[in-house]
Amino acid sequence: MDAIQQAFVVESRELLQMMEDNLLQLENSGGDPEIINAIFRAAHTIKGGAGVIECRFIVEFTHVLENLLDEMRAGTIVPDRALIEVLLACSDQLGKLMGCVESDAEPDEELNQASRSLREQLQRYLGAPASASKDVALSEAEVQAVGGGEMETDNWHISLRFGPDVLRKGMDPASFLRYLMEFGQIVQLVTLPDAMPAADEMDAESCYLGFEISYKSDADKARIESVFDFVRDDCVIHIWPPHSKLADFIASIESLPEDTMRLGEILIKCGALTQNELDLALDAQSDREVDAPQPKIGEVLVDQGVITPEVVEAAAVKQNKVAEKKNLESQLIRVQAAKLDQLIDLVGEMVIASAGANMLAHKSGETALAEATSVITMLVEQIRDSALQLRMVQIGETFSRFHRVVRDTSRELDKDIELVISGNEAELDKSVVEKLGDPLMHLVRNALDHGIESPQVRIAKGKPPRGTLRLNAYHESGSIAIEITDDGAGLNREKILSKARERELIGPNQTLSDSEAFALIFEPGFSTAEKVTNISGRGVGLDVVKRNITALRGSVEVESKEGQGSTFRIRLPLTLAIIDGFLVGVGKASYVIPLGTVVECIELSEKARTETNNRQYINLRGEVLPFVRLREQFEISEQGGKRENIVVVQYAGQKIGLVVDELMGEFQTVIKPLGTIFKHIKGIGGSTILGSGEVALILDVQSLVALATVQQNRLQSAEAVKV
């Protein structure tokens, strides 16, 4: 049961997200039937799963929700903004109830009260129960006509097929009929023995009964359905209200569970066809002459007048959709994240072991052994890439969750804001995505509250009343860049500098570039908001954003133009586990540079070494290239060799050079985190183990680029003062 419960929670969370996305689409689509069907299927599946694990509180809540969605599908209830608001609240409530399932606890009184309140709101939309009028007795032929979708009566019609295990579970089919008569009248009852096998094949413990019932009652559909709660999972039950029409049968077909079914099975399950009618049609199909073209079973049923073409067409569409979904499902498999993490760890150890074996093979001088280990190394690289690809997910799923955030927050702030998403297909490691949600949430809510102005202010500034928030993602130099852009008021540079001087973050006469000035907003407690709201303005968000992004070996920067808007740009590594690196040496120490950041390698000539003794840049083909000497940066006391090289790296569009002694080539590296005692060391992002067993440090190119840029700016400022 624990495994089933866990699977139910995982699937239901996905269905709730799908339901929320579709509700937001429905708000803008004006009642698209396909979207309504998708919402209904999600609720229907959650309710069925809750029944399997005997989760009463979810079944009760979803039951009323399903009834309302069923009426929406039938067109009797038209969704407006207020109803969608209630349905979104129901989706949120289901998420909270799902939390109770996860913690294996009953919902508290507050949660139960919220469920009751939402059920009452849904019931108000459902309105008064349908009333019955004059008695109508159905003959068996008329019942079959109803099954064909051609007849409407003033009574409820119940199509009931008991499953074979009903008797084994201690249920008496007659008791359900007696229960129906407690709040209504069975006008006509037709027993259908279609499932009855031959006498020698009968099982005394199996149930083969089916009924077509004309039922007169003032009860609503929910009350009638409740009669069959205990056998719902073991029976096929369809209930049509008075005056049901062809559309009800088509809707019933569309709501069938996504099982592998042939066209005949679909028609039987929706109550539009009996097994006897299908068997007769199959016999008629097989009686055709051998040379004659064989008609499809749907054509035979229509020719015989058993069923209408519209119902057959709906069943055929359903059959095709089921086939398409099954083809997709056969290509997918759900794997626990912990198992993937274990696989990545093992692949990482295999990478290290492979590098050690390859090094020993080359030292041995055995050509055949070296070739064999080279093949193994190549295969390990392919295994590594495939293993990492398993954890790569598209960022579009994370982006899509912000539709609801933007919708609710903009209404709370009385603003009109449109969310535009691009770069959905960009992929990065699942572990990175999971830790990215909170920083993105802070930045989005900050843009909604402080960035984009109210419609009145925008109109006064000559802007369109509707503001735009854009989320974009793209790959760049072995990393992923994520942009949050708004067309709002932008950042006030002077206000930021004034606040920074007030807090003594900068000197009274200190001059900062735009990027340095805007970076001040990430200082703890820094805020220029004139008032505090329940969304932002307390100065406790952006410092958390920077800290979380830095913990992921990423960076965040700001571009802004006052009056035009701002862009927050996050850069993150694609994976936190294994990378391709470029191995370099300084003295006896080895360092790994992420290969995606390496642009080129050049030799630092004797002349250039002499010229750069007192400066930290060179002329690279007419371009000023600042550089960092790793020997000086990491205080390596050993004397350097006669030769030095510069590895040109690029990060966030800026190039710098890293001066090293030795270039040792490309290297597959497994990233090992540094201990907490070393986490404040600038320029180091992690460590790895070489094939020789030695530890090599992985360079943090981001912080080295920032260091070289600061040094270059200071040097230029000093030279300007001299002039």
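So which residues in segment 450-470 are in contact with a Lys or Arg (Cβ under 9 Å, 6 or more places away or on another chain), surrounded by 14 or more Cβ atoms within 10 Å (Cβ to Cβ) and not small (Gly, Ala, Ser)?
ILE452, GLU453, PRO455, VAL457, ARG458, ARG466
Taking into account only those residues within segment 73-99 that are charged (D, E, K, R) and in a helix (DSSP H, G or I), which is most open to solvent (accessible area, probe 1.4 Å)?
Result: ARG81.
Pairs, please: C-beta under 9 Å, at least 6 apart or cross-chain, first residue surrounded by 17 or more Cβ atoms within 10 Å (Cβ to Cβ) and of a type in the set (S, T, N, Q) and in segment 231-249, second modelled with pLDDT under 70 and not in a helix (DSSP H, G or I)?
Matching pairs, first to second residue: SER244/GLY149; SER244/MET151; SER244/GLU152; SER244/THR153.
Restrict the check to segment 572-581 and report whether at least one residue is modelled with pLDDT of 85 or more, within 30 Å of GLN394 (Cα to Cα), within 29 Å of the chain's Cα centre (by Cα) and outside any strand (DSSP E or B).
no
Say whether the condition of being within 26 Å of ASP700 (Cα to Cα) and either more than 31 Å from the chain's Cα centre (by Cα) or not acidic (Asp, Glu) (or both) is met by at least one residue in segment 450-462.
No: segment 450-462 contains no residue that is within 26 Å of ASP700 (Cα to Cα) and either more than 31 Å from the chain's Cα centre (by Cα) or not acidic (Asp, Glu) (or both).
What residue, among those in segment 637-659 that are of a type in the set (D, E, K, R) and assigned to a strand (DSSP E or B), is nearest to ILE681 (Cα to Cα)?
Here the answer is LYS655.
So, in segment 603-636, exactly how many residues are in a loop (DSSP other than H, G, I, E, B) and in contact with a Gly (Cβ under 8 Å, 6 or more places away or on another chain)?
2
Could you list, in sequence order, all residues of segment 100-120 that are farther than 22 Å from LEU83 by Cβ and open to solvent by 50 Å² or more (accessible area, probe 1.4 Å)?
GLU102, SER103, ASP104, GLU106, ASP108, GLU109, GLU110
If the requirement is being farther than 22 Å from ARG232 by Cβ, in contact (Cβ under 8 Å) with a residue 40 or more places away in the chain, out of contact with any strand residue (DSSP E or B) (no Cβ under 6 Å at 6 or more places or on another chain) and among the hydrophobic types (A, V, I, L, M, F, W, C), which of these qualifies: LEU94, LEU23?
Among LEU94, LEU23, only LEU23 is farther than 22 Å from ARG232 by Cβ, in contact (Cβ under 8 Å) with a residue 40 or more places away in the chain, out of contact with any strand residue (DSSP E or B) (no Cβ under 6 Å at 6 or more places or on another chain) and among the hydrophobic types (A, V, I, L, M, F, W, C).
All but one of (1) open to solvent by 30 Å² or more (accessible area, probe 1.4 Å); (2) in a helix (DSSP H, G or I); (3) closer than 30 Å to SER91 by Cα; (4) hydrophobic (A, V, I, L, M, F, W, C) hold for VAL406; state the number of the condition that does not hold.
VAL406 satisfies all of (1) open to solvent by 30 Å² or more (accessible area, probe 1.4 Å); (2) in a helix (DSSP H, G or I); (3) closer than 30 Å to SER91 by Cα; (4) hydrophobic (A, V, I, L, M, F, W, C) except (1).
The values are calculated or read from the model by the stated rules, or taken from the named source; none is laboratory data. Owing to the predicted nature of the structure, the values given are computational and were not obtained by experimental measurement. Counting neighbours? That spans all protein chains shown, and the Cβs are built from the backbone with ideal geometry, glycine included. For the accessible areas, the whole protein counts, side chains as well, though only heavy atoms, and no ligand, DNA or RNA atoms are used. Shrake-Rupley method; radii C 1.70, N 1.55, O 1.52, S 1.80 Å.
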